[in-house]
Amino acid sequence: MPHPDILTFGSPCQDFSDLGKGAGMAGRRSSLIGYAIEAVRHFRPDVFIWENVKGVLFAKHRADLFSILKAFADIGGYRLEWQLLNTSWFLPQNRERIYLVGRLTEQCTGSVFPIGEVD
C-alpha cells in the first residue's frame with residue numbers, strides 16, 4: 001500500500017460503552033486499537049481519525065484514554081486534538097462519539113476543533 005493521505009478507524013466500543021462490562025483496554029475487542037496505532041506508525045498518514053463511544057471519557061476509562069493518547073503521541077510528529085460530538089447534526093443518528101484527529105505537525109495550520117453544531 002502506498003503512503004495514504006488519511007486513515008480513519010474505529011475500534012469496537014463494547015468495552016468502553018456504559019452498557020458494556022467496562023473492561024476498557026483489558027477487553028478482548030478494544031485491544032484492536034493497537035493495530036490502528038501500528039498502522040499509523042507504519043504508514044505515517046498526513047491525517048488519522050479515531051472514533052469511539054463517549055464512554056472512553058468516563059473516569060473508569062481515564063487511564064485507557066491516556067494510554068491511547070500516549071501511544072499516538074509516542075509515534076511523534078503528530079498534533080492530537082479530540083472532541084465529543086453528537087453525530088445527529090451530520091449523521092442520521094443521535095449518538096455521542098469522541099473523535100480524535102492526528103495531523104502531521106509540519107502540515108498543521110489552525111485547529112480542527114472545536115466544531116459546533118450547524119444551525
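Rule-based calculations on the coordinates, nothing more; no lab input. Remember, it's a predicted structure, so these values are computed and weren't measured experimentally. Backbone-built Cβ (ideal geometry, glycine too); neighbour counts: all protein chains shown.
Looking at the stretch 6-107, what % of its DSSP beta bridges pair antiparallel, to the nearest 5? Mind dumping the intermediate values first?
Details: 16 of 21 bridges.
Antiparallel bridges make up about 75 percent of those DSSP assigns within the stretch 6-107.
Placing +1 at every Lys and Arg Cβ and -1 at every Asp and Glu Cβ, with all other atoms neutral, what dipole size does the chain have around its Cα centre, in debye to the nearest 20? Walk me through the numbers on the way to the answer.
On the way: 13 positive and 13 negative charges, 92 e Å.
Approximately 440 debye in magnitude.
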Next on the checklist: Averaging over every viewing direction, what projected area does the convex hull of the Cα atoms of the stretch 8-53 cover, in nm²?
Outcome noted: 3.0 nm²
Checklist entry - What percentages, rounded to whole numbers, describe P(r) for the chain computed over all alpha carbon pairs with 10 Å bin width beginning at zero? => result 13, 44, 34, 9, 0
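What is the calculated FRET efficiency for HIS3 to GLU51, with r their C-beta to C-beta distance and R₀ = 25 Å, to the nearest 0.05?
Working: r = 22 Å, r/R0 = 0.89.
The calculated FRET efficiency here is 0.65.
Between ALA71 and TRP89, what length in nm is gained on full extension when 0.36 nm per residue of separation is reduced by their alpha carbon distance? Before the final figure, lay out each step's value.
Details: separation 18, 0.36 × 18 = 6.48 nm, distance 3.03 nm.
Extra length available between ALA71 and TRP89 comes to 3.4 nm.
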Next on the checklist: Springs between alpha-carbon pairs under 10 angstrom, Gaussian network model over the chain: which of ALA59, ALA39, ALA23 fluctuates most?
Outcome noted: ALA59
Next on the checklist: Can you compute the modelled spin-label distance between ALA63 and GLU81, with each label point 7 Å from Cα toward Cβ, in nm?
Outcome noted: 3.1 nm
Item to check | Estimated [θ] at 222 nm from DSSP helical runs (n ≥ 4, -39500 (n - 2.57)) normalised by residues in the chain, nearest 500 | outcome: -6500 deg cm²/dmol
